[in-house]
Amino acid sequence: MPSSLIPSGQRTLVPSTTQQQKSQPLKDGQIVFGVIKKHLSNQMAEVQVGNQKIIAKLTSPINKGDRQWLQVSESARGTELKVVSAPLDRATTQRMVSSLLDHLGLVKTTEMRSLVAQMVKEQWTMNKEILTKTAEFLSMSNNKQEALSIIRLMMSKGVPFTTEVFQSIKNGNQIMTPSISVQLDQLSQMIKLEPASPIVTRTLAAIDSVEAPFQRQITQQTIANLSQMLGDQSVPARLRLQALQVLQQLQVLPQQATLSNWTSVAMQSLVSSESGGEVKQAIIQIASGQEVAVASATIQQQLTTINQTLQQAPRVEGMTEKVQQMVQQIIETIHLLKQPVAGQQKAEKVFATLIQSQVLIQQLQNDNSRNLANIMELLSQSGSKQQQLQAMLMNRSNQGSAIPQLSSEAQELIFAMMAKAQGTINQQLNGKTLETMMRTVFDSLGVDYEAKLTRSTVPIDRITESLKPQLLTLIQDPMISAQTKDAADSLLARFNGQQILSAENGPLQQILYQIPIVFIGQKMDVTMQWTGRKKQDGTLDPNHARILFYLQLASLNETVIDMQVQNRVVSVDFYNERDGLQALAEPFTPLLKNSLEKMDYQLSTLKFFSTKEIDPPIIKPVEDQLDSFYSGVDIRI
């Protein structure tokens, strides 16, 4: 592999394509390449097939040492091998290809001859079904070389030989074109022309979440700000009442909520909601008196973590007394949890402490995205409800229109809170914010949707609100047009291709993803290929890695960043067509160095190359995986 992550000086033997493929159990009808190692009695022989030896009956005489293509026949009598063509050392490739095609009864087209010649050269196991499907794959592909590489990878990985898998890998291999941002825009426009239905609404909301990741954070921050105002006794009652009215109109709080009972009403909404994680279950158990000890331990652990966060949070002027009061409230609640009594009153006290403490944390740490998510879950605003709330807020904000049933003062309050949330995010555009944004976009896409379904700790509604499951439902809807279904299916194939191309190859792990990003008003695709090795415990090794970033930036155009890590020493190569970037970057180099040192990494070099003079490295997922299958490859940084 030309670029990889294992330290130089180490030589890793990765199973070859042929070895992997031949180590699979033989099946009836397969054609395999074998070497006759030893003759036994009753026409039996020891035959080397790939890296395994088998005992089988030969249906015709074959000399010891001959290397031949043999067809497998499985019956009650055992495994039998039938000669398909002349021995390899006595037949030309053309004759052998012709003989194999005749034996399988396939048409000798140019494409089929080329494919079988490749399979003969690679000594792949084959049968009529595989050859028929691969010929179909070649005929539907303009780029025959890419198609052959995908077929090789499919055989090497042992994935099903279906059109869907082939198309998924092909779409996943298309890194730069078409742009995933363009695909999303086009699909969105097509869906808007479809008849109104719940799946249309959910899919459009999911696309909005992908294309505007900060909108979710703005929505969450706005609700947190309103909740903080509602619970702060130092805020004038008039303003607290306005905050309550806004939260009621946004359906965050029920209409029966008042300034004095809103926490207990919110808790009842949480208990009656369909979704929720450990916190919800623990509160229900405390209220009902079931498994109180386990539930109390769960809440105590969370409150202890919240207390530590409050103690370590940066001091904000005028907030010291509020923090001290909240710490005391947490201590009292933990003491209450240790008491054996249970019931509604105790559960309400626990709920009030949880939500008030996390709202306070948000005032101290505006960039705490996990804390924001906890607040939204406590207010029963996760899943589709949060999507609806987000769409309502953003549509009103973009149109500058009022929310019905709200006074003019309450209207001003909601827009002021949204502006405050937007301002907070704009002030925090740093590495951590961008990391949060990328994670949010990836989660919103739902590329790993199936894997998340197996994690019981993740609420189902958080998983199913992402784009991928919406697309899966959309293409099954009989009311959706064929054109829209095709566009959705193309995007799904791209997601699935990324999953197939993110896989282990021996000791190596390759992770590939491409996400659309909207940053400072500009749309771009971010493509990343992470290649590294896994440790003995199965986790990724952070000491040795290579990460390639492809960015399409509005001002800098195509940009490639090649970051390599060896023993936690980092080198970064920056490729772009513009000159003078190194001089512009020099003031920021110390910041990069210090940031890496905080994570126990050392910056070795930061180099800039002009793409007018030097070609940047290229992400080729299929070719890179095929390269890593071959034996004896020197894997180095």
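Brief remarks follow.
- Scanning region 55-70 for residues that are crowded, with 16+ Cβ neighbours inside 10 Å and either within 44 Å of the chain's Cα centre (by Cα) or without any contact (Cβ under 8 Å) to a residue 12 or more places away in the chain (or both) turns up 69, 70.
- Of the residues making up region 149-190, those that are free of Cβ contacts under 8 Å to residues at least 40 places away in the same chain, surrounded by 18 or more Cβ atoms within 10 Å (Cβ to Cβ) and of a type in the set (A, V, I, L, M) number 2.
- Residue 621 satisfies every condition listed in (1) surrounded by fewer than 15 Cβ atoms within 10 Å (Cβ to Cβ); (2) touching a residue at least 24 places away in the same chain (Cβ under 8 Å) except (1).
- Unique residue being of a type in the set (Phe, Trp, Tyr), under 26 Å from residue 517 (Cα atoms) and crowded, with 18+ Cβ neighbours inside 10 Å when the list is 588, 574: 574
- Among the residues making up region 115-130, those that are open to solvent by less than 60 Å² (accessible area, probe 1.4 Å) and more than 20 Å from residue 27 (Cα to Cα) are 115, 117, 118.
- Residue check, residue 57 assigned to a loop (DSSP other than H, G, I, E, B), among the charged types (D, E, K, R), farther than 30 Å from residue 146 by Cβ and modelled with pLDDT of 75 or more: no
- Boolean, residue 104 is at pLDDT 80 or above, open to solvent by less than 30 Å² (accessible area, probe 1.4 Å) and aliphatic (A, V, I, L, M): no
- Each residue in region 29-53 was checked for being part of a strand (DSSP E or B) and farther than 20 Å from residue 119 by Cβ, and 8 of them qualify.
- Region 512-553, subset open to solvent by less than 50 Å² (accessible area, probe 1.4 Å) and of a type in the set (Val, Ile, Thr), residue modelled with the highest pLDDT: 547
- The lone exception for residue 310 - which of (1) touching a residue at least 40 places away in the same chain (Cβ under 8 Å); (2) farther than 24 Å from residue 225 by Cα it fails: (2)
- Test for residue 338: is it modelled with pLDDT of 80 or more, more than 32 Å from the chain's Cα centre (by Cα) and closer than 20 Å to residue 375 by Cα: no
- Residue under evaluation residue 73, criteria (1) surrounded by fewer than 16 Cβ atoms within 10 Å (Cβ to Cβ); (2) touching a Lys or Arg at 6+ places or on another chain (Cβ under 9 Å); (3) on the phi < 0 side of the Ramachandran plot, criterion not met: (1)
- Any hit, region 243-265, residues being among the aromatic types (Phe, Trp, Tyr) and over 37 Å from the mean Cα position of the chain (by Cα): yes
- Residue 318 being touching a residue at least 24 places away in the same chain (Cβ under 8 Å), exposed (fewer than 15 other Cβ atoms within 10 Å of the Cβ) and not charged (D, E, K, R): no
- When each of 224, 196 is tested for being small (Gly, Ala, Ser), assigned to a loop (DSSP other than H, G, I, E, B) and either out of contact with any Ser or Thr (no Cβ under 6 Å at 6 or more places or on another chain) or surrounded by 24 or more Cβ atoms within 10 Å (Cβ to Cβ) (or both), the lone residue that passes is 196.
- The set of residues from region 280-312 being surrounded by fewer than 20 Cβ atoms within 10 Å (Cβ to Cβ), closer than 19 Å to residue 377 by Cα and of a type in the set (A, V, I, L, M, F, W, C) comprises just one member, 284.
- For residue 277: the one exception among (1) surrounded by fewer than 18 Cβ atoms within 10 Å (Cβ to Cβ); (2) modelled with pLDDT of 85 or more: (2)
- Per the listing 185, 232, 208, the residue uniquely of a type in the set (Asp, Glu) and under 30 Å from residue 261 (Cα atoms) is 232.
- Any hit, region 135-148, residues being of a type in the set (S, T, N, Q) and touching a residue at least 40 places away in the same chain (Cβ under 8 Å): no
- Scanning region 554-571 for residues that are surrounded by fewer than 19 Cβ atoms within 10 Å (Cβ to Cβ) and either at pLDDT 90 or above or within 23 Å of residue 594 (Cβ to Cβ) (or both) returns 561, 562, 563, 566, 567, 568, 569, 571.
The values are calculated or read from the model by the stated rules, or taken from the named source; none is laboratory data. Quantities reported herein were computed from a predicted structural model and do not represent experimental measurements. Note: ideal-geometry Cβ built from the backbone for every residue, glycine included; neighbour counts use all protein chains shown. Side chains are part of the model used for accessible areas, which takes the heavy atoms of the whole protein and leaves out ligands, DNA and RNA. Shrake-Rupley method; radii C 1.70, N 1.55, O 1.52, S 1.80 Å.
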